[in-house]
Every structure is written in structure tokens, then in C-alpha cells.
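For reference, the structure is listed below as C-alpha cells.
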Amino acid sequence: MLFLGILLSIFIQDVVTSLRPLPPGIMDCVEAESGCEADPQCKELYSTLRYCVSEEEVAPPGSKARIECLEALSALHYLPLLACKCQRGARREEHCLRVYWSVRILQSYEDLEASPYDDSPVEMSHMASIVAAASSLPLDGQNACLKAAQDCGLYEKCGSLRSEYVLACTKRVPGSDHCNRQKCHRALRRFLERVPGEYSLGLLFCPCTDKLCGERRRKTIVPSCSYQERDGEQPNCMHLQSSCRRDQLCRSRLADFQHNCQSSGHSPSGCFRDSGTVCLKSYAGLIGTIMTPNYLSNSTMDVALWCNCEGSGNQWKECLKIQNMFTNNACLENSISTMGSSPPRPVESLLPPSPRPSPLDQQNKLSNNAQDELSNNAVEQSEEEEDEEEEEGGQFDVIPLYAEKATVSNLGSGGGGVSPRLSSAPPPSLLLLLLLLSASLSWG
């Protein structure tokens, strides 16, 4: 039993050291909420703030309700909740964001100094390596965006999720001539959150020298559904932003973009935070929201929102500021141009990074709770199996623009060119850990 205990501790330590926890002093907002609710005083103040958020639009400044909200906020001193952050694409992201904004009722929509999301140094280093080694330059005159799509098809998850969003964005609602934009946006976010940046960013930011390549790049996100209005008319940018701010996810992604894509004339990258890679990730985070941007034409790398400033009245300057976040942003322009500035790598070397667990899973692992670790992996595996079943049941003819060498129908075959290292099987250490636990229980 002593020998078994030593082996068990070694395997648990191996799992724990492979994680990317939040930086010291920063807690996930869902965990911070749980800690606050364990304290009666903090719980009462937090409940008041949650009510304040729901009544924000009907409680004008100076009203009794507004004063009570400010008093509750000033009395809240639980630092983990006040400084908490969220992670893009986490399983409980929307819950986390609700907590984040509940304790920030005073944060202005124009506040560029804060983002709801945490960008750890390890993750940003990985993003920088993606940009530096992106396979986005044409090879022997090859269409770079076609090459990026083929690379995506060689990685099963990328090809499957890409086909999934194409289906969602091209399928018509029964009895109508238009798509379901909400499903289209959700599928796009799913693709960008689950597919490694080596592939997703290559599709979004591939450089082009001809209009055929530019058309493929512009149509990557199926703009007829995800970007443009059905009637072809552009809404006012102020109305678009107002709708975004009423949605927790869109508001958070927009705040993150504003925070990470600020321009600066004193930085080589053109970015105030001197990190164009973070700006690219924040830009991609907007795709699949009300504020989805896209390329303006087949012959330019300029991007913009689908909106204009007609009828803005005395808010015309504010409306132009919204447009200029995309059309006159040196940080964003330089960041997009950087993709493809380095020699490309073969697709075989572009292996997806290890899946990043949710903050709650990290906490369970850091507490050396082996049973919880096994349970979490079982849940993730079951979700993946459900996803695969849905994809197998929804085969369709991809529109010619997206038809590549690898499709949903052949991704699962042995000749698809997928590296064995891309298998989704659980790590051997976890399997051995399961056997050791079972043995210890039977010897009990």
C-alpha cells in the first residue's frame, strides 16, 4: 500500500504540473462567487449588487435604488471577487461574466483599462509563436487561404467544426429564405474557441495577392448570414453597439477588444500594449457576436463592422468612434498584416496545444482530488462523443467555396493524413492512475 501511495502521488503531481492556472492573486469569478456566498455579509452585499445589475436601466442616477447599490459596492471588500477574471470559451463562461459585471456597476462602457478575460503569459507566448510561424504565405504560388483550409481539413476537429458552422450558416429556416443567425453565431464561436489557433487564425488572416484568394478569405465566416443583414441595409453603429451592451457575452468581447487593440504611435507594433497577438485573439473573439466584423472586399485586408452612421444626429462623432475601432486602427491593421510575415511551417508540425481545462477543473486538480479529476475527464469525453454523433448525423454538401480535400465524410478515415499524435484518447498516466485507484479500493 505504501508503494501504491507513492506511485499515486507521482501521477497526481504529473497531472497538476501540466496545468496553466490563473496568475497568482487572480481567481476565476465562479470560484470567487462561491467563496463570497460562504460568508453571510459578503453574500448579502453580492445579492444586492446582482439585483442592481438587473435594475440598472430603470434605476436612474441619484435614485434611492441607485444609492443603495453604490453603498453595497463600497461595503464589499472581498478581494477575490473584486479582482476576478474569466476565460474565453470556458464551459461556464457566461456565468462567470455575469459575476464579473455584477461587481462592476460603476465601470464605464468606455473604460479601456480593464478586460473581463485573463491573458496569462504562457498563453500569450503560445499565441506569439503561432503568429511567428503561421503557414500563411503562398507556397509556390499556391492560394494561401486554400492552403489554410486544407491544413484545417487535415486536423479532424478543425474540419468537423468548420463544416458544422458552414451548415449552420447556410441552412435556411423552414418556411423562409434566410438562415438562423443565432445558430450561425453560436457555431462560429464554437469553432474559434475549440480549434487551436494554428488553424483558426490561419483561416481568418491568410494573406492574399489576388481577388480569388481574397474572396475565400472574406467568405470564411459565411458573411451572408453572420455579418450582413438579410435586406442588405446597414444598421446604425450606435444601435449595433447598444444591442451588444445588453448582451453579457458581446459586451465582454467588445470590452476585451477595446482593451487589447488600442493604438499607439510610440510602439513598434502600433499597439498600446505592444502585443499584436493579443489583439488578434480579441478580434477573433468578436466573431459570432452582434458586433461581428469582416473584410470589406476581396482586394483588401481592411475590416469593418456592418453598420453606418446615417441618422446619428448629435451622436455622429460617437458613431464614428465605433467605426474607427476597425477602419482606422493601426494596432489591428498591423496585427493582421503580421500574420504571414514569417516563413511557413509544414502542417504536420502544427500540432494542436493541450486542451486548456476550466478554472474549476484546475482548482480540483490543485487540491489533489484524484476522483474529481477522473470525473471531469469522463464528462469531457462524453461531450466529445455527443459532438461526434451530431456531426455524423448532419452530413451535407458543403458549398463549393468550402469544399476542400478533407471533408466531414473522410476525416475519420485512415488515409486522411491526420497525425497519430492528434488522437483524443486520454493520457496514459490518467489510465494508469485509474487502475491504481481501482486496485486500492479493491484491496481496501
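FYI, it's all coordinate maths here, none of it is from the lab. Just so it is clear, the structure is predicted and the values come from calculations on it, not from any experiment. Counting neighbours? That spans all protein chains shown, and the Cβs are built from the backbone with ideal geometry, glycine included.
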(Q) Taking amide H atoms as placed 1.01 Å from N in the peptide plane, list the residues 5 or more away in sequence, or in a different chain, whose amide H sits under 5 Å from that of residue 236. (A) 308
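Please tell me the relative contact order of the stretch 23-103 in percent, rounded to the nearest whole number, where contacts are Cα pairs under 8 Å and at least six residues apart.
48
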Q: With θ set to phi - 60°, apply the Karplus curve 6.51 cos²θ - 1.76 cosθ + 1.60 along the stretch 202-216 and write out the HN-Hα couplings as whole Hz, x wherever there is a Gly or Pro.
A: x, 6, 6, 10, 5, x, 10, 10, 9, 6, 5, 5, x, 5, 4
Q | Amide H within-cut-off set for residue 117, under 5 Å, with H built and near neighbours excluded | A | 86
Q) Between residue 308 and residue 273, what length comes free when the chain is fully extended (0.36 nm per residue of separation minus the Cα-Cα distance, one decimal in nm)? A) 9.7 nm
Q. Once the dipole of the stretch 23-103 is set up with Lys and Arg at +1 and Asp and Glu at -1 on Cβ about the Cα centre, which of 36, 82, 46 lies farthest towards its positive end?
A. 82
Q) What residues of the stretch 283-322 lie in the reach of a label at residue 212, counting those whose backbone N is under 18 Å from a point 7 Å from the Cα along Cα→Cβ? A) 298-300
Q: Any chance you could run the full-extension gain for residue 146 through residue 63? It's 0.36 nm times the residue separation minus the Cα-Cα distance, nm to one decimal.
A: 24.1 nm
Q.
List residues of the stretch 64-90, by number, whose backbone nitrogen lies under 13 Å from a label position 7 Å along Cα→C-beta of residue 39.
A. 75-83
(Q) Please list, in order, the residues from the stretch 237-251 whose amide nitrogen is less than 20 Å from a point placed 7 Å along the Cα→Cβ vector of residue 327. (A) 237-244
Q) For the stretch 230-235, in order, what is each residue's ³J(HN,Hα) by Karplus, 6.51 cos²θ - 1.76 cosθ + 1.60 with θ = phi - 60°, in whole Hz (x at glycine and Pro)? A) 4, 7, x, 8, 8, x
(Q) Please compute the length gained on full extension between residue 178 and residue 242, using 0.36 nm multiplied by the number of residues separating them and subtracting their Cα-Cα distance. (A) 20.6 nm
Q. Which pairs break 22 Å Cα to Cα here: 147/219; 211/281; 171/219; 219/281?
A. 211/281
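With +1 on the Cβ of every Lys and Arg and -1 on the Cβ of every Asp and Glu, and nothing else charged, how large is the dipole of the stretch 23-103 about its Cα centre, in debye rounded to the nearest 20?
With Lys and Arg at +1 and Asp and Glu at -1, about 180 debye.
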Q. Each residue of the stretch 73-88 in order: what ³J(HN,Hα) in whole Hz does its phi give by Karplus 6.51 cos²θ - 1.76 cosθ + 1.60, θ = phi - 60°, with x for Gly and Pro?
A. 5, 5, 8, 7, 10, 7, 4, x, 6, 6, 10, 5, 9, 10, 10, 4
(Q) Largest first, please: the extent of the C-alpha atoms of the stretch 23-103 along each principal axis, to the nearest Å. (A) 38, 25, 18
Q. To two decimal places, what compactness ratio does the stretch 292-343 give when its Cα radius of gyration is scaled by 2.2 N^0.38 Å?
A. 1.36
Q. What are the residues whose amide H is under 5 Å from the amide H of residue 273, where those residues sit 5 or more places off or on another chain and H is modelled from the backbone?
A. 262
